Amino acid sequence: MTDITFQIENYVNSQNQNIWNELKNEYSFQLIFDPTEYSWKGKAENGTATIITPTEEIEFHSFTHELLHIYLDYLGISTLEELIYGITGEHSFEVLIENSLTPILYNFCSHKKMYPFYKEMGFSEYLFVQERISFGNYNIFEIKLLFTFKKWRKKAVNQFIGQTLSLMNVVVEEDKVKCEKYLKKLQKIKPELYKIISDFDKEWTESTNLDLVTIFLNFENELNEWLIKNKITAGNNV
């Protein structure tokens, strides 16, 4: 890792200048070059904002994406830790912790609130996330198969939630028709579970504040009740 904070002003352009001006007065910034990382990362903690880049190339869109994560912190979005420590359901806890699902959902929720700023700055929708959505009939088949076997049903629920929210949060317009097609297929597999996820996504979309923890824990409670109803419970793998 190499500290390249002295170069950070090179990542500021006319598109992100205003948000940079606002944030640099609130945080002490660090820019780190780490070629071992797969993607850009950004976090804010105790007044210090750290952005990690895996490349020496100046990518205004990637830098701005991480600035927006920090901007949400500045605006007061609930923290990931608040979500995880707030989980009360024994059964939902197992599903939401497996495969780092809660951090993934947190990222989706952050992106939903970040994208309007990103778009307003004039950045391309194609550059908002590193990879385009990859989902097909094989994924539908896999989820159906996992639900077939009792020992794999918690994993099935885990994948169902992650894939559904991923498809619901695609920003590239030309990909949305394909995503809607697969969302309808997912809905047919588990209609009640799909509705719980859809209601969560809708409530967060319509929220006028960044109190994610309240909305998430309501979702978690409904998920826990659904798991009990469907006998997909903690420790029940046989």
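The values are calculated or read from the model by the stated rules, or taken from the named source; none is laboratory data. From a predicted model like this one, the values you see are computed outputs, not experimental measurements. We place every Cβ from the backbone using ideal geometry, glycine too, and count neighbours over all the protein chains shown.
General remarks:
Okay, residues lined up against (1) among the polar types (S, T, N, Q); (2) out of contact with any Ser or Thr (no Cβ under 7 Å at 6 or more places or on another chain); (3) more than 14 Å from Q15 (Cα to Cα):
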{"residue": "E56", "(1), (2), (3)": "no, yes, yes"}
{"residue": "T64", "(1), (2), (3)": "yes, yes, no"}
{"residue": "Y71", "(1), (2), (3)": "no, yes, yes"}
{"residue": "L75", "(1), (2), (3)": "no, yes, yes"}
{"residue": "L83", "(1), (2), (3)": "no, no, yes"}
{"residue": "G86", "(1), (2), (3)": "no, yes, yes"}
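- Among the residues listed as Q130, Q187, the single one being within 30 Å of I77 (Cα to Cα) and out of contact with any Lys or Arg (no Cβ under 9 Å at 6 or more places or on another chain): Q130
- Test: residue in the stretch 55-63 that is surrounded by fewer than 18 Cβ atoms within 10 Å (Cβ to Cβ) and within 27 Å of F160 (Cβ to Cβ): no
- Residue within the stretch 132-139 that is at pLDDT below 95, in contact with a Phe, Trp or Tyr (Cβ under 6 Å, 6 or more places away or on another chain) and not assigned by TED's automatic domain parsing to the domain that holds S39 present: yes
- Among residues of the stretch 129-155 that are in contact (Cβ under 8 Å) with a residue 60 or more places away in the chain, those with a beta-carbon under 9 Å from a residue that is part of a helix (DSSP H, G or I) and hydroxyl-bearing (S, T, Y) at least six positions away or on a different chain give the pairs Q130/S62.
- Condition check for I8 on (1) aliphatic (A, V, I, L, M); (2) closer than 18 Å to E56 by Cβ; (3) in contact with a Phe, Trp or Tyr (Cβ under 7 Å, 6 or more places away or on another chain); (4) buried (at least 16 other Cβ atoms within 10 Å of the Cβ): one failure, at (4).
- Hey, E180 closer than 18 Å to L96 by Cβ and either part of a helix (DSSP H, G or I) or free of Cβ contacts under 8 Å to residues at least 40 places away in the same chain (or both) or not: no
- Selection status of K184, assigned by TED's automatic domain parsing to the domain that holds S92, surrounded by fewer than 15 Cβ atoms within 10 Å (Cβ to Cβ), basic (K, R) and under 19 Å from the mean Cα position of the chain (by Cα): no
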